[in-house]
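Asks: Right, I'll just put the structure down here and ask away after.
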Amino acid sequence: MNRKILSGYPLIINYLGIFAILIGIINLIPLSTILFDLDAFSDAYLFLYPGIGSILIGSAIVFLFRGHEKGRLDRHQDAILVVSIWIMAILVSSMPFLLTGYYTFAQSVFESTSGYSTTGLTVVDVTIAPKSLLLHRSLLQFVGGVGLVLVLTSAISDRFGMRLYTAEGHSDKLMPNLIRSGRMILSIYIGYIIIGVIALVSFGMPIFDAINHSTTALATGGFSTQQASIGHYNHVGIEVTIMILMLLGGTNFFVHLMLLRGKFKNVFAHVELKLLGIMIIIAIPLFAWNLLSVYQGSISQALRYGSFQMISAVTGTGFQTIPQFTGPNVPSLFFFGLIIFMILGAGLGSTAGGMKQYRVALAFKSLYWDIKEMISHKKTIRTHFINKVGIKTVVEREEIQHNFAFLMMYLMVLIVGTLAIAAHGYSLSESLFEFASALGTVGLSVGITGYQAPHSILWIATLGMFFGRLEFYVIIIAFVKIVMDIKKKKV
């Protein structure tokens, strides 16, 4: 008997059923805190209801399509599936916050989006939140940092998994297929987290805090278990450990693979690491000099806090050792410097957001190439190269055009979001800082997005985080594809 072949939107729905099961399982993991704290049993319903509910709904969908053979997705329907997976994951994972009765739907979706997008902006009061909810937030950043699609599709053998992973905005294909790439990335990621936990505990951080901070630092997420973030501990060893984890999280996974294979020449020749090195060499002394007045002329203190906040901003993490970023005691150079680094972002294919260092480096190189060609007397066709992990890679004209188009789109969305927040009565500089943090999935805040924030601002920031994490194109393609299919009556 011939099996029916699923394709198009029925196939998308079938996949969403499978992913709903996996997302439900992810939402049940925070129940593990009961093993260490029996008092957490009273909060079990926060995760049981959405977790089991998602599993049951997913199972019903899978059962509905039992006996069908999976066909192929139509062109651009992989984008629809990726966007649908993200929306479903955000909504399901927002339920634990909503079920507390302390957070509204807008606040819950904001927190869930901040988690999956590895942003770190928060409306949660960590001083009263149960440990299970804090672990839930960190877990969202772990999954979002590695790549939601990678974590989900690595759990199943799916021949279209790499297409979905690429559609999510990743280019780090370490191995020939998604399963092997997923295992390699997760192995590297978990290994770093374990080392980070050991280091943080050795410096006196409690084990629960160490697990959460090591996870969110590497995910460049920035969710903390303390109201004052990393500044709560006031320990140089903890800050250095967190800085190393943030830098690792902000680096392309392919660079990590080369590093672990001992190919140090390839690693340090990588264009993004060169750009990052230049930024660190220039920015940290400037930040330290600018902060001298704040720390009564103490060079060591200025260097300590300036370097931490610079790395936190450029890696898109959002941890803080400085209590606030507004007021007369915050130098303007330091303030706007953080904005610039939040916009620039970290490495392409890393856990961070922003424009990404590769795109910025390519933009500067392409400008240099154009100027060089304009002043050249010889009318010759030149081949341009850029160094990717020690390998000279040809840069096509199409890639340069696509790169500038992305940068322009990023700046346009940044301006629109900034003006939307400023319309609520905030200054342009504060609005720019807050939306640059949301769009760059950073998490540093001047206090605009918080528990008391108007829901309209939370939705603006939520959209910024969502668009920033998925990098625009996949969302636009998914929307256009749905509209086109509706016109053709294919939905």
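The values are calculated or read from the model by the stated rules, or taken from the named source; none is laboratory data. As the structure is a prediction and not an experimental result, all values here were calculated from the model. Positions of Cβ are backbone-derived with ideal geometry, glycine not excepted, and every protein chain shown enters the neighbour counts. Ligands, DNA and RNA are stripped out before the accessible areas are found, and what is left, the full protein with its side chains, is counted by its heavy atoms. Shrake-Rupley method; radii C 1.70, N 1.55, O 1.52, S 1.80 Å.
Asks: State the number of residues belonging to the range 463-481 that are at pLDDT 95 or above and either aliphatic (A, V, I, L, M) or open to solvent by less than 10 Å² (accessible area, probe 1.4 Å) (or both).
Replies: Total meeting the criteria: 3.
Asks: Limited to the range 270-318, what total is found for residues that are touching a residue at least 12 places away in the same chain (Cβ under 8 Å) and of a type in the set (Ser, Thr, Tyr)?
Replies: Total meeting the criteria: 6.
Asks: Something else: Could you list, in sequence order, all residues of the range 18-42 that are surrounded by fewer than 18 Cβ atoms within 10 Å (Cβ to Cβ) and part of a helix (DSSP H, G or I)?
Replies: Ile25, Leu28, Ile29, Ser32, Ile34, Leu35, Leu38, Asp39, Phe41, Ser42 - these are the residues of the range 18-42 that are surrounded by fewer than 18 Cβ atoms within 10 Å (Cβ to Cβ) and part of a helix (DSSP H, G or I).
Asks: Filter the range 340-371 down to residues that are more than 20 Å from Gly221 (Cα to Cα), in contact (Cβ under 8 Å) with a residue 40 or more places away in the chain and either touching a Lys or Arg at 6+ places or on another chain (Cβ under 6 Å) or of a type in the set (Val, Ile, Thr) (or both), then give me how many there are.
Replies: 1
Asks: Looking only at the range 312-336, which residues are open to solvent by 10 Å² or more (accessible area, probe 1.4 Å) and outside any loop (DSSP other than H, G, I, E, B)?
Replies: Listed by number, the residues that qualify are Ser332, Leu333, Phe335, Phe336.
Asks: Check the range 394-404 and report whether any residue there is under 21 Å from the mean Cα position of the chain (by Cα) and closer than 26 Å to His256 by Cα.
Replies: Yes; the residues of the range 394-404 include at least one that is under 21 Å from the mean Cα position of the chain (by Cα) and closer than 26 Å to His256 by Cα.
Asks: Could you list, in sequence order, the residues of the range 337-388 that are open to solvent by 80 Å² or more (accessible area, probe 1.4 Å) and assigned to a loop (DSSP other than H, G, I, E, B)?
Replies: Within the range 337-388, His377, Lys378, Lys379, Ile381, Arg382, Thr383 qualify.
Asks: While we're looking at this one, here's another question. Go through (1) without any contact (Cβ under 8 Å) to a residue 40 or more places away in the chain; (2) surrounded by 24 or more Cβ atoms within 10 Å (Cβ to Cβ) and name the single condition Leu121 misses.
Replies: Only one criterion in (1) without any contact (Cβ under 8 Å) to a residue 40 or more places away in the chain; (2) surrounded by 24 or more Cβ atoms within 10 Å (Cβ to Cβ) is unmet by Leu121, namely (1).
Asks: Okay, moving on. Out of the residues in the range 404-428 meeting the condition of being β-branched (Val, Ile, Thr) and open to solvent by 80 Å² or more (accessible area, probe 1.4 Å), tell me which one is farthest from Tyr368 (Cα to Cα).
Replies: Applying the filter and picking the extreme gives Val416.
Condition check ((1) under 30 Å from Tyr473 (Cα atoms); (2) open to solvent by less than 10 Å² (accessible area, probe 1.4 Å)) across all residues:
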position	(1), (2)
Lys4	no, no
Leu46	no, yes
Tyr49	no, no
Ala60	no, no
His68	no, no
Ser112	yes, yes
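Asks: Just checking: which of the helices (runs of 4 or more DSSP H) contained wholly in the range 191-284 hold 2 or more residues that are of a type in the set (S, T, N, Q) and crowded, with 18+ Cβ neighbours inside 10 Å? First the steps, then the outcome.
Replies: Numbers: elements: 207-218, 236-249, 253-260, 264-269.
Filter on the range 191-284 gives 207-218.
Asks: Take the residues in the range 72-110 that are of a type in the set (S, T, N, Q) and under 21 Å from Leu6 (Cβ atoms), then tell me which one is surrounded by the fewest Cβ atoms within 10 Å (Cβ to Cβ).
Replies: Within the range 72-110, the match that is surrounded by the fewest Cβ atoms within 10 Å (Cβ to Cβ) is Ser84.
Asks: Hey, can you tell me all the residues within the range 177-190 that are of a type in the set (Ser, Thr, Tyr) and crowded, with 20+ Cβ neighbours inside 10 Å?
Replies: Across the range 177-190, the qualifying residues are Ser181, Tyr189.
Asks: Which residues, counting only those in the range 126-138, are open to solvent by 30 Å² or more (accessible area, probe 1.4 Å) and either among the hydroxyl-bearing types (Ser, Thr, Tyr) or part of a helix (DSSP H, G or I) (or both)? Break it down into steps so the answer makes sense when it comes.
Replies: Of all residues in the range 126-138, those open to solvent by 30 Å² or more (accessible area, probe 1.4 Å) come to 127-128, 130-131, 135.
Within the range 126-138, Thr127, Lys131, Leu135 qualify.
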